[in-house]
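The values are calculated or read from the model by the stated rules, or taken from the named source; none is laboratory data. Here the structure is a predicted model, which means the values were calculated and not measured. No Cβ is skipped: glycine too gets one built from the backbone with ideal geometry, and neighbour counts run over all protein chains shown.
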Amino acid sequence: MDSSQIDHEQDAAEGLVQQQFLKHSDLIRGFVRGLLADRQRADDVLQETFLAVRRKASDFQPGTNFPKWACTIARYKVLEARRATRRGGMLLSEEVIEALAVSEEATKPDPRLEFLDECRRKLPPTMLRAINLRYDEDHRPGEIARRMGWKVQAVYVALSRARGLLRDCLSTISKSHAP
């Protein structure tokens, strides 16, 4: 295998894990924030996790449980952060972190994500398109404006209104499905 083929495979693996990380970022963020008391440090650890996931892209086996794999990497990053700071910014001890990280519950999707799909279907078509371009396809507002023939400010307004509608819808559905 020549070096250009190896580079191409590495690029493809990195692209796949980046896509999966974005898709599951809320779950991974929640996992990290559940283990760290300091939200800023949790966000830093999330970024470090993303970089580590990219570096280890070739280790990921497509078709396996990506959130579990990424949360395992995140667990080690949380432990590294705790060792580095030693200031007790942790909510939990290393032993509890280890126990939680191996739990299947830690990597199960949030049930509210199902409600989010339901709420997204209720959006007007242009708002849904803007939301899809922004969050599913990861386009910046300028690119969304170009694609939709809008002004950039109109994109910001549409996204803001759409997020408000989604928030209200999720709140209503969550209350109706509460135990």
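Assess whether Ala57 counts as being out of contact with any Pro (no Cβ under 8 Å at 6 or more places or on another chain), over 22 Å from Asp138 (Cα atoms), surrounded by 13 or more Cβ atoms within 10 Å (Cβ to Cβ) and modelled with pLDDT under 90.
Spelling it out, it is not the case that Ala57 is out of contact with any Pro (no Cβ under 8 Å at 6 or more places or on another chain), over 22 Å from Asp138 (Cα atoms), surrounded by 13 or more Cβ atoms within 10 Å (Cβ to Cβ) and modelled with pLDDT under 90.
Select from region 93-152 the residues that are of a type in the set (Ser, Thr, Tyr), within 23 Å of Gln19 (Cα to Cα) and either in contact with a helix residue (DSSP H, G or I) (Cβ under 7 Å, 6 or more places away or on another chain) or at pLDDT 90 or above (or both) and list them in ascending order.
Within region 93-152, just Thr107 meets the criteria.
Please work out which residue is modelled with the lowest pLDDT, limiting yourself to region 1-21 and to residues that are loosely packed, with under 15 Cβ neighbours inside 10 Å and within 22 Å of Arg75 (Cα to Cα).
Leu16
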